[in-house]
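First the structure, in the form of C-alpha cells, and then the observations on it.
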Amino acid sequence: MVPACPLIPCLRGIAHTDFGVTEESNRQAVALADMERLESDLRVLSPVGIERVAWGWDLHEQDNLTAFHAAERNALEAIDSAGQTEAWDEWRRRLFYEFEGRLALVAWRAEHQLHTEHAHKAERAAVGAALGVFARPWISHKQYATLVSAMAEALPWLLPERPPRPSSGD
C-alpha cells in the first residue's frame with residue numbers, strides 16, 4: 001500500500017513487484033520529492049528571488065515561447081497518458097492559490113503590488129517548473145529542461161548541469 005501523501009494525492013499506479021520497488025516507482029518517488037522541494041522553495045522565495053525568476057523567464061522563455069509551449073503540451077499529454085491529470089490539476093490549483101489566492105504568500109503578494117510584470121513572469125516560470133517536475137518521469141530531459149530553465153536561474157537544483165547565469169545587473 002502507498003502511504004498517504006501530504007503534498008497531493010499520491011501518484012496513482014506506483015508499481016511494486018513482489019520483490020520491492022520498480023524503476024518506475026523510483027522515478028515517481030524522486031518526482032514527488034522534487035515536487036515537495038519546489039513547493040517549499042516557492043514558499044520562501046524572497047522578492048529578489050522572484051525578480052531573479054522573472055529575469056530567467058526573459059532570458060530563457062520570452063523569445064522561445066514556441067518551444068516552451070510545445071514542451072508544455074508534451075508534458076500535459078504525458079501526464080494524461082500516465083493517468084495523472086487529476087493529481088496534476090490539484091497540485092497546480094494549490095500552487096496558484098499560493099501565488100494569487102487568498103492565501104498568497106507575503107513575497108508573492110508584495111511583488112504583485114510593487115512589480116506586477118515581474119510577478120506574472122515568475123508565476124509563468126513557476127507553473128512551467130511545476131509542470132516539468134511533475135511530468136519528469138514521463139517526458140524527455142530536453143522537455144524538462146525547457147520547462148524548468150527560467151526557474152533554475154533562482155533554484156539551480158532544478159538543472160544542476162546548467163549553472164545559473166550571472167545577472168546583467170540591470
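Computed quantities for the displayed model
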{"quantity": "Distance between modelled label sites at Val30 and His69, nm, 7 Å Cα→Cβ extension", "calculated": "3.1"}
{"quantity": "Where a label projected 7 Å from the Cα of His120 along Cα→Cβ would reach, residues of the range 69-86 with amide N under 12 Å", "calculated": "none"}
{"quantity": "Extended-chain gain in nm, criterion 0.36 nm per residue less alpha-carbon gap, Lys142 and Arg93", "calculated": "15.1 nm"}
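Computed from the coordinates by the stated procedures, all read-outs in this text should not be read as laboratory data. Since the structure is predicted, the reported quantities are computational estimates derived from the model, not experimental observations. Don't worry about glycine lacking a Cβ; one is built from the backbone with ideal geometry, like all the others, and counts go over all protein chains shown.
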